Amino acid sequence: MAYRVLLVDDSPAMRSFIRRVMVLSGFDLDACVEAGDGAEALEHLRQEKVDVILTDINMPCMDGEELLRRLSEDSDLRDIPAIVVSTDSTKPRILRMIGLGAQGYIAKPFSPESLREALEKVLGCPV
Amino acid sequence: MVTPAELTASIAAAAGSVLETMFFAEAEPCPLVPEEQRRQMTAVRIGFHGGLRGEFRIGFESHLARALAAGFLGLDESEVAEEEVNQVICETANMICGAALSRIESDEHMRLEMPALAENNEECAGFLQACFLTPEGAMCTGVRIEQGTE
């Protein structure tokens, strides 16, 4: 099965890196939609469906924390699994993001294997 | 209270981990580079807040910056635009700073400001400095901790 992924990160370089790592690790990528912050992500989500969201936290305009909060309040969007990809690996931050509904948390720097494992875990099958 | 030795060790570990994991590159700690060489580097600064408050700076020699960008983006060095080089070194700075602080302050709240390109002729007084050597060139870090918490 091919998956549609929404990548949310204000760094175009990081979005490009994650997209490349997904492809190189054999992830079956149908489409990769990209957004530079949470507000842009919500706009995309109102227009097209995705299977999983990978989001940074520290972004301008709307950060990843607010994005998760908005997703959890939206009955159409709350069931889309979200994985946080962040440089912040402090316990309070991880607990807060999990509390807001994140189903996975990947600390940067990360290996291709850890990204793949997190995707497999939230999508519920080998990818 | 974090000691200078703990801070230096944490930055060295974070720099090594980021370069190895994300760039498949190695960096070895080396003596501080001469001031003139440091001023030629492309530099990034990040303010941080939380249990610790201060500023992190990192400078990259131009060839290293371009090589990192090419590796990160999967491009040939000649294909990488200047803007892409800047994006990659800002992201690299963000990862090293975040990883270093997370190691030290794993139970504390932390907030990083957006990384921004910096003038590298700024004073380094009060900054704890360290340098690292890679096959593509040198990289220098500096961190200044302000007293008190928020």
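The values are calculated or read from the model by the stated rules, or taken from the named source; none is laboratory data. Because the structure is predicted, anything quoted here is derived from the model rather than measured. Reconstructed Cβ throughout: ideal geometry from the backbone, glycine too, with neighbour counts over all protein chains shown. Areas reflect the complete protein model, heavy atoms only, side chains present, ligands, DNA and RNA absent. Shrake-Rupley method; radii C 1.70, N 1.55, O 1.52, S 1.80 Å.
Go through the stretch A:1-13 and report how many residues are in contact (Cβ under 8 Å) with a residue 60 or more places away in the chain, open to solvent by less than 40 Å² (accessible area, probe 1.4 Å) and either within 14 Å of chain B (Cβ to nearest Cβ) or part of a loop (DSSP other than H, G, I, E, B) (or both).
1
Which pairs turn up if I take residues in the stretch B:80-109 that are more than 8 Å from chain A (Cβ to nearest Cβ) and look for partners that are open to solvent by 10 Å² or more (accessible area, probe 1.4 Å) and assigned to a loop (DSSP other than H, G, I, E, B) with beta carbon separation below 6 Å, at least 6 apart in sequence or on another chain?
B:A93/B:P115; B:I104/B:V2
Of these, A:V33, A:V23, A:V50, which one is open to solvent by 50 Å² or more (accessible area, probe 1.4 Å), without any contact (Cβ under 8 Å) to a residue 60 or more places away in the chain and among the β-branched types (V, I, T)?
Step by step, each of A:V33, A:V23, A:V50 is checked, and only A:V23 is open to solvent by 50 Å² or more (accessible area, probe 1.4 Å), without any contact (Cβ under 8 Å) to a residue 60 or more places away in the chain and among the β-branched types (V, I, T).
Yes/no per residue for (1) over 25 Å from B:E20 (Cβ atoms); (2) in contact with a Ser or Thr (Cβ under 6 Å, 6 or more places away or on another chain):
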site	(1), (2)
A:V33	yes, no
A:I57	no, yes
A:E65	yes, no
A:I80	yes, no
A:I83	no, no
A:A102	yes, no
A:P112	no, yes
A:E117	no, no
A:P126	yes, no
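Out of all the residues in the stretch A:58-71, is one or more among the acidic types (D, E), closer than 17 Å to A:V122 by Cα and open to solvent by 20 Å² or more (accessible area, probe 1.4 Å)?
Taking every residue of the stretch A:58-71 in turn, none turns out to be among the acidic types (D, E), closer than 17 Å to A:V122 by Cα and open to solvent by 20 Å² or more (accessible area, probe 1.4 Å).
When you look at A:S11, is it in contact with a strand residue (DSSP E or B) (Cβ under 8 Å, 6 or more places away or on another chain) and of a type in the set (S, T, N, Q), yes or no?
Criteria not met by A:S11.
Filter the stretch A:17-51 for residues that are over 11 Å from the mean Cα position of the chain (by Cα) and closer than 22 Å to B:E113 by Cα and give the result.
A:F17, A:G36, A:D37, A:A39, A:E40
The conditions are (1) open to solvent by less than 40 Å² (accessible area, probe 1.4 Å); (2) at pLDDT 95 or above; (3) more than 10 Å from chain A (Cβ to nearest Cβ), and B:A69 fails exactly one of them. Which is it?
(3)
Find the residue count for the stretch A:26-68, including only residues that are part of a strand (DSSP E or B) and under 24 Å from A:L95 (Cα atoms).
Selection size over the stretch A:26-68: 4.
Under the condition of being within 14 Å of chain A (Cβ to nearest Cβ) and assigned to a helix (DSSP H, G or I), which residue from the stretch B:30-66 is most open to solvent (accessible area, probe 1.4 Å)?
For the stretch B:30-66, the residue satisfying everything is B:R66.
Looking at this structure, is B:E77 surrounded by fewer than 18 Cβ atoms within 10 Å (Cβ to Cβ), more than 14 Å from chain A (Cβ to nearest Cβ) and modelled with pLDDT under 95?
Criteria not met by B:E77.
Checking A:R46 against (1) touching a Leu at 6+ places or on another chain (Cβ under 9 Å); (2) closer than 20 Å to B:F24 by Cα, which test does it fail?
(2)
Within the set of pairs 6 or more residues apart or between chains, which connect a residue that is open to solvent by 40 Å² or more (accessible area, probe 1.4 Å) inside the stretch B:1-20 to a residue that is in a loop (DSSP other than H, G, I, E, B) with Cβ atoms less than 9 Å apart?
That search, which allows pairs on different chains as well, returns B:E20/A:P109; B:E20/B:E26; B:E20/B:A27.
With the checklist (1) open to solvent by 20 Å² or more (accessible area, probe 1.4 Å); (2) over 29 Å from A:R19 (Cβ atoms); (3) more than 11 Å from the chain's Cα centre (by Cα); (4) more than 14 Å from every other protein chain (Cβ to nearest Cβ) in hand, flag the one item B:Q129 doesn't pass.
(3)
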